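Notes for the one structure printed next.
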Amino acid sequence: MKCENGCLFCSVGEERLIAGNDLAFAVRDGFPVAELHSLVIPRRHVSDYFDLSKEELLACNELLRIVKEEILAKDPSVKGFNVGVNSGLVAGQSVFHCHIHLIPRREGDVPNPRGGIRHVIPGKGAY
């Protein structure tokens, strides 16, 4: 992988990969919010999800499906997933190399999961 200005994701070692293809790879999140929280990352250094090519989007989606199945096979307590992308500083992006979060969800991991990702804006998850 070509390293872009010391980018954390451009320098991920092959030993950390849990899946990969020509255009993207997957790793476990270094700061997981749930067990088996994973990231799908395009190999090309691009900061924003919306700058991915159609081919990169398909490659990332393929890996999301592969990692999802691997997680389900490894942990039958997983009953759902959140898939998310932080795009831009005000959206919470802290590493400016596009990455897609795949967060396994288990029954009871939060008191009330209704609203899911809507909870990123306080008070907007319950509706």
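Quick note: the coordinates plus some simple rules give every number you see, no bench work behind them. Everything numeric here is computed off the predicted structure, so don't read it as measured data. Quick reminder, even Gly has a Cβ in these numbers, built from the backbone with ideal geometry, and neighbours come from all protein chains shown.
Figures for the structure shown
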| read-out | value |
| --- | --- |
| Glu35-Glu107 pseudo-label distance in nm [points 7 Å out on the Cα-to-Cβ vector] | 1.6 |
| Angle between the chain longest axis and helix 54-74 axis [Cα atoms, degrees, rounded to 10] | 50 |
| Potential lengthening between Glu15 and Asn61 on full extension [0.36 nm per residue; Cα-Cα distance subtracted] | 14.4 nm |
| Calculated FRET value between Leu72 and Val95, using beta carbons and R₀ = 25 Å, to 0.05 | 0.40 |
| Structure-based [θ]222 nm, the chain - -39500 (n - 2.57) summed over DSSP H runs of at least 4, per residue, nearest 500 | -5500 deg cm²/dmol |
| Least to most buried among Lys68, Lys74, Lys54 (fewest other Cβ within 10 Å first) | Lys54, Lys74, Lys68 |
| Segment Asp48-Val83, length gained on full extension (0.36 nm per residue, minus Cα span) | 11.0 nm |
| Longest DSSP-loop-exposure-free segment, GluC sites (Glu not before Pro), the chain, at most 16 other Cβ within 10 Å | 36-106 |
| Exposure proxy ranking, count of Cβ atoms within 10 Å, fewest first, for Cys7, Cys60 | Cys7, Cys60 |
| Stokes-Einstein D in µm²/s, Kirkwood radius over Cα pairs - segment 1-98 at 37 °C with 0.692 mPa s viscosity | 234 |
| Global size of segment 29-73 as Cα Rg and Dmax, reported in angstrom | 11.8, 32 |
| Per-residue Cβ neighbour rank within 10 angstrom, fewest leading, Asp51, Asp29, Asp22 | Asp22, Asp51, Asp29 |
